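Q: Take a look at the following structure, please.
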Amino acid sequence: VAGLTAAATVWAVRAVPAGTGREAAPEPDAEPKDRLAALRVWRDGRLVLIGVIVLVMAFTEGAANDWLPLLMVDGHGVSATAGSLTYTAFAVAMTAGRFAGGPFLERFGRAAVVRTSAVVAAAGVALVVFSPSPLVAGAAVVLWGLGASLGFPVSISAAGDDPRGAAARVSAVATAGYLAFLVGPPSLGFLADHVGLRPTMGVVLALLVVAALLAP
């Protein structure tokens, strides 16, 4: 029995492929090549437009996520509870837009949907910023949420249309979007400290107008 066990062990060891358990040495030029490939995708003008739109739509969503309740409380004088409910209305509208957007995409196409989304979001932001009525501003957040719902995911999808380098293209525009999520709200907060929160949201409005004009 001991002899059979020893023989089986020797056979099993020999059957293991050479190099198993060892990490393959990375190619010295692999990382620079990956970085160059990631940068090279930005030579495509269409991808640059998509990246800008993704950045703007992420910026628009992030602005509401971080500042909408305070905007309603400080800018329109509503209670903290009403401010929280306003954000809930925004989140529900955005979720509904993402669930219900499929038929519109099939009928009108991505470019029209992205352009319309930017216009609708811009209308909502404009009413929240400029309307003197808290009720109108509170209702306008539904437009803000609906407009912000599809721009980000639809633009990410558009970045992957070309099968050549699709992963790098999607990664590039997604990075732009997540950068907007991270940097956008603090930047708005810094500006709001100097000019106030309602005027600061004019930045979001201006960017949405740019996105509507750039939609391919």
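The values are calculated or read from the model by the stated rules, or taken from the named source; none is laboratory data. Quantities reported herein were computed from a predicted structural model and do not represent experimental measurements. Glycine also receives a Cβ, built like all others from the backbone with ideal geometry; neighbour counts cover every protein chain displayed.
Q: Is it the case that some residue within segment 55-77 is hydroxyl-bearing (Ser, Thr, Tyr), within 16 Å of VAL203 (Cα to Cα) and under 19 Å from the mean Cα position of the chain (by Cα)? It would help to see each step written out before you state the result.
A: Initial filter on segment 55-77 (hydroxyl-bearing (Ser, Thr, Tyr)): 60.
In the following step, the residues that additionally are within 16 Å of VAL203 (Cα to Cα) were identified as 60.
The next check asks that each one be under 19 Å from the mean Cα position of the chain (by Cα); those that pass are 60.
The answer is yes; a qualifying residue exists.
Q: When you go through ALA166, ALA121, ALA137, ALA93 one by one, which is the residue that is in contact with a Gly (Cβ under 6 Å, 6 or more places away or on another chain) and closer than 18 Å to MET201 by Cα? Outline the logic, then answer.
A: Working: ALA166 fails: closer than 18 Å to MET201 by Cα; ALA137 fails: in contact with a Gly (Cβ under 6 Å, 6 or more places away or on another chain); ALA93 fails: closer than 18 Å to MET201 by Cα.
Result: ALA121 is the single residue among ALA166, ALA121, ALA137, ALA93 that is in contact with a Gly (Cβ under 6 Å, 6 or more places away or on another chain) and closer than 18 Å to MET201 by Cα.
Q: Please verify whether LEU68 is touching a Phe, Trp or Tyr at 6+ places or on another chain (Cβ under 6 Å), surrounded by 15 or more Cβ atoms within 10 Å (Cβ to Cβ) and either closer than 23 Å to ASP193 by Cβ or in contact (Cβ under 8 Å) with a residue 12 or more places away in the chain (or both), treating the condition exactly as stated. Break it down stepwise before answering.
A: Details: touching a Phe, Trp or Tyr at 6+ places or on another chain (Cβ under 6 Å): yes; surrounded by 15 or more Cβ atoms within 10 Å (Cβ to Cβ): yes; either closer than 23 Å to ASP193 by Cβ or in contact (Cβ under 8 Å) with a residue 12 or more places away in the chain (or both): yes.
It is true that LEU68 is touching a Phe, Trp or Tyr at 6+ places or on another chain (Cβ under 6 Å), surrounded by 15 or more Cβ atoms within 10 Å (Cβ to Cβ) and either closer than 23 Å to ASP193 by Cβ or in contact (Cβ under 8 Å) with a residue 12 or more places away in the chain (or both).
Q: In segment 111-126, which residue that is buried (at least 19 other Cβ atoms within 10 Å of the Cβ) and either of a type in the set (D, E, K, R) or farther than 19 Å from VAL52 by Cβ (or both) is farthest from the chain's Cα centre (by Cα)?
A: So the first thing to find is which residues in segment 111-126 are buried (at least 19 other Cβ atoms within 10 Å of the Cβ), and the list is 113-115, 117-118, 120-122, 124-126.
With either of a type in the set (D, E, K, R) or farther than 19 Å from VAL52 by Cβ (or both) added as a condition, the list becomes 115, 124, 126.
Working: ARG115: 16, GLY124: 19, ALA126: 21 Å.
Per the criteria, the residue is ALA126.
Q: Right, another one. Write out, first by first residue and then by second, each pair whose Cβ atoms fall under 6 Å of each other, whose residues are 6+ apart or on separate chains, and whose first residue, in segment 122-144, is over 14 Å from ALA212 (Cβ atoms) while the second is of a type in the set (D, E, K, R) and in a helix (DSSP H, G or I).
A: Once the first residue is over 14 Å from ALA212 (Cβ atoms) and sits in segment 122-144, its partners that are of a type in the set (D, E, K, R) and in a helix (DSSP H, G or I) give VAL129/ARG198.
Q: While we're looking at this one, here's another question. If you scan segment 78-103, which residues turn out to be over 13 Å from LEU135 (Cα atoms), more than 20 Å from the chain's Cα centre (by Cα) and not β-branched (Val, Ile, Thr)?
A: Taking segment 78-103 as the starting set, the residues that turn out to be over 13 Å from LEU135 (Cα atoms) are 80-81, 84, 87-88, 90-103.
Checking the rest, the ones that are also more than 20 Å from the chain's Cα centre (by Cα) come to 80-81, 84, 103.
Matches in segment 78-103: ALA80, SER84, PRO103.
Q: Right, ALA139: surrounded by 15 or more Cβ atoms within 10 Å (Cβ to Cβ) and modelled with pLDDT of 90 or more or not? Spell out the reasoning first.
A: Details: surrounded by 15 or more Cβ atoms within 10 Å (Cβ to Cβ): yes; modelled with pLDDT of 90 or more: yes.
Against the criterion (surrounded by 15 or more Cβ atoms within 10 Å (Cβ to Cβ) and modelled with pLDDT of 90 or more), ALA139 qualifies.
Q: Turning to a different aspect of this structure: Taking segment 63-83 as the region of interest, how many residues are among the small types (Gly, Ala, Ser) and more than 18 Å from LEU127 (Cα to Cα)? Show your work before the answer.
A: Taking segment 63-83 first, the residues among the small types (Gly, Ala, Ser) are 63-64, 75, 77, 79-80, 82-83.
From what's left, more than 18 Å from LEU127 (Cα to Cα): 79-80.
Matching residues across segment 63-83 total 2.
Q: Follow-up question, since we're still on this one. Of THR95, THR81, THR116, which residue is farther than 13 Å from GLY147 by Cα, part of a helix (DSSP H, G or I) and hydroxyl-bearing (Ser, Thr, Tyr)?
A: Details: THR95 fails: farther than 13 Å from GLY147 by Cα; THR116 fails: farther than 13 Å from GLY147 by Cα.
Sole residue among the options that is farther than 13 Å from GLY147 by Cα, part of a helix (DSSP H, G or I) and hydroxyl-bearing (Ser, Thr, Tyr): THR81.
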